[in-house]
Amino acid sequence: MQITVNGQKTTVNEGITLYDFLKHKGLDPQKVVVEHNYRIVRSEEWPNIVLKENDNLEILKFVGGG
């Protein structure tokens, strides 16, 4: 199934949760913020969100430095 991640079409497996998608991508939950269908979601919600066809994700990573 197709979803959009940071403006790019991406193919994912049916029934995958947001949490599993992020884990599969190797993203640290402590270092990202996720917007799912134009709503920022708390990391506690990620395991309960099952991705659906045409969902939209924006994933922002925190980067340290100065």
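The values are calculated or read from the model by the stated rules, or taken from the named source; none is laboratory data. Source: prediction; values computed, not measured. Cβ atoms come from the backbone with ideal geometry, glycine included; neighbour counts cover every protein chain shown.
Overview of values
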item	result
Residues that are among the acidic types (Asp, Glu) and not in a helix (DSSP H, G or I), drawn from segment 1-27	Glu14
Of the criteria (1) more than 10 Å from Leu57 (Cβ to Cβ); (2) within 11 Å of the chain's Cα centre (by Cα), which one Arg39 fails	(2)
Evaluation of Gln30 against (1) modelled with pLDDT under 95; (2) of a type outside the set (Gly, Ala, Ser); (3) not in a helix (DSSP H, G or I) (one fails), failing number	(3)
Boolean, Val50 is in contact with a helix residue (DSSP H, G or I) (Cβ under 9 Å, 6 or more places away or on another chain), exposed (fewer than 15 other Cβ atoms within 10 Å of the Cβ) and β-branched (Val, Ile, Thr)	yes
Residue in segment 11-23 that is free of Cβ contacts under 8 Å to residues at least 60 places away in the same chain, among the polar types (S, T, N, Q), exposed (fewer than 14 other Cβ atoms within 10 Å of the Cβ) and in contact with a strand residue (DSSP E or B) (Cβ under 7 Å, 6 or more places away or on another chain) present	yes
Yes/no for Leu60 being within 11 Å of the chain's Cα centre (by Cα), loosely packed, with under 15 Cβ neighbours inside 10 Å and in a strand (DSSP E or B)	yes
Residues that are out of contact with any strand residue (DSSP E or B) (no Cβ under 8 Å at 6 or more places or on another chain) and either surrounded by 11 or more Cβ atoms within 10 Å (Cβ to Cβ) or in contact (Cβ under 8 Å) with a residue 24 or more places away in the chain (or both), drawn from segment 26-42	Pro29
